[in-house]
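Trainee: Questions regarding the structure given below will be posed in turn.
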Amino acid sequence: MKFKTLLTSVATSVTMMAASSTVSAQDLEITVTNLTQGLYFTPIVAAAHNGDTKLFSTGMAASPELTAMAEGGDISGLVSVLSNADANTVENPAGGLLAPSTSTNFMLMNDEGNQYLSFSAMILPSNDGFVGVNSWMIPEEAGTYTVYVNAYDAGTEANDEIRGSGAVGEAGMPVPPPLEAMIGMNGTGVTMSETNMVVHVHRGNLGDDDMMAGKSDINSSVQRWLNPVAKLTVVVK
């Protein structure tokens, strides 16, 4: 009788361990919604990863990979970091820019051990602004979860709000289509220096109403913002 009870107990334990393993490997249906009136998001990178991996940390200096994304929309460096950490990664699910008031929906197949979700994309127009969630713990219980997302400043470039190449280390904002017709020109610059040189919540664009001169090339009636700028919806299967 005691031997039979022991076998039953072992079988139950094995069953519970198998069930736990199944729960840890989750399929995630993710929707990123741009909540703004006039901002665009560059190609998004999203990933499920372990607790040792971070895309960014507020109060800390931006990594070279984050800098490349925040200043020019280049996600390749972040993708490489995630790949080296055995993360489950989705690149550019929107197939380009994510326009104001639109969403992109995608599936993320999540392996066991990757318990955290992160995503990021540059904000246009901005010098080094980005939208992102860093290391959000993925719930074990199936259901639908919503996270409202702030805009951040990488702290790597002065927010001069004037046109530029978007290349790392060069002043000025990238202005790809379809922003070309929405952005002014000949701005003299809102500022030429950045006092806060770590990742922090973005103060927002200042802009002005002079599209042919003034301090800023940003249209203050269209491209200013208040947080949050995005909504992340996660369906845990």
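The values are calculated or read from the model by the stated rules, or taken from the named source; none is laboratory data. As the structure is a prediction and not an experimental result, all values here were calculated from the model. Quick reminder, even Gly has a Cβ in these numbers, built from the backbone with ideal geometry, and neighbours come from all protein chains shown.
Trainee: Could you check, for segment 151-158, whether at least one of its residues is under 20 Å from residue 101 (Cβ atoms), surrounded by 14 or more Cβ atoms within 10 Å (Cβ to Cβ) and not β-branched (Val, Ile, Thr)?
Mentor: yes
Trainee: Of all residues in segment 65-116, count the ones that are among the β-branched types (Val, Ile, Thr) and within 18 Å of residue 176 (Cβ to Cβ).
Mentor: Counting residues in segment 65-116 that are among the β-branched types (Val, Ile, Thr) and within 18 Å of residue 176 (Cβ to Cβ) gives 3.
Trainee: Now for a different question. Based on this model, can you work out whether residue 65 counts as touching a residue at least 12 places away in the same chain (Cβ under 8 Å), crowded, with 22+ Cβ neighbours inside 10 Å and over 12 Å from the mean Cα position of the chain (by Cα)?
Mentor: no
Trainee: Taking only segment 180-203 into account, find how many residues are closer than 19 Å to residue 99 by Cβ and either free of Cβ contacts under 8 Å to residues at least 60 places away in the same chain or in contact with a Pro (Cβ under 6 Å, 6 or more places away or on another chain) (or both).
Mentor: Total meeting the criteria: 3.
Trainee: May I ask you to say which residue of 214, 187, 166 is modelled with pLDDT under 95, in a loop (DSSP other than H, G, I, E, B) and buried (at least 18 other Cβ atoms within 10 Å of the Cβ)?
Mentor: One residue alone meets the criteria, 166.
Trainee: Of all residues in segment 198-219, how many are closer than 27 Å to residue 58 by Cα and more than 19 Å from the chain's Cα centre (by Cα)?
Mentor: Within segment 198-219, residues that are closer than 27 Å to residue 58 by Cα and more than 19 Å from the chain's Cα centre (by Cα) number 4.
Trainee: Looking at residue 108 and the list (1) surrounded by 15 or more Cβ atoms within 10 Å (Cβ to Cβ); (2) not in a strand (DSSP E or B), which single condition is not satisfied?
Mentor: The number of the failed condition is (2).
Trainee: Those residues that are more than 19 Å from the chain's Cα centre (by Cα) and not acidic (Asp, Glu), I need them from segment 149-175; list them, please.
Mentor: 158, 159, 162, 163, 164, 165, 167, 169, 171, 172, 175
Trainee: Here is a follow-up. Please determine whether any residue of segment 112-120 is crowded, with 17+ Cβ neighbours inside 10 Å, aromatic (Phe, Trp, Tyr) and closer than 17 Å to residue 82 by Cβ.
Mentor: Yes, segment 112-120 contains a residue that is crowded, with 17+ Cβ neighbours inside 10 Å, aromatic (Phe, Trp, Tyr) and closer than 17 Å to residue 82 by Cβ.
Trainee: Let me ask you something else. If I ask for residues that are among the aliphatic types (A, V, I, L, M) and crowded, with 22+ Cβ neighbours inside 10 Å, which ones from segment 121-147 would you list?
Mentor: Matches in segment 121-147: 121, 122, 123, 124, 131.
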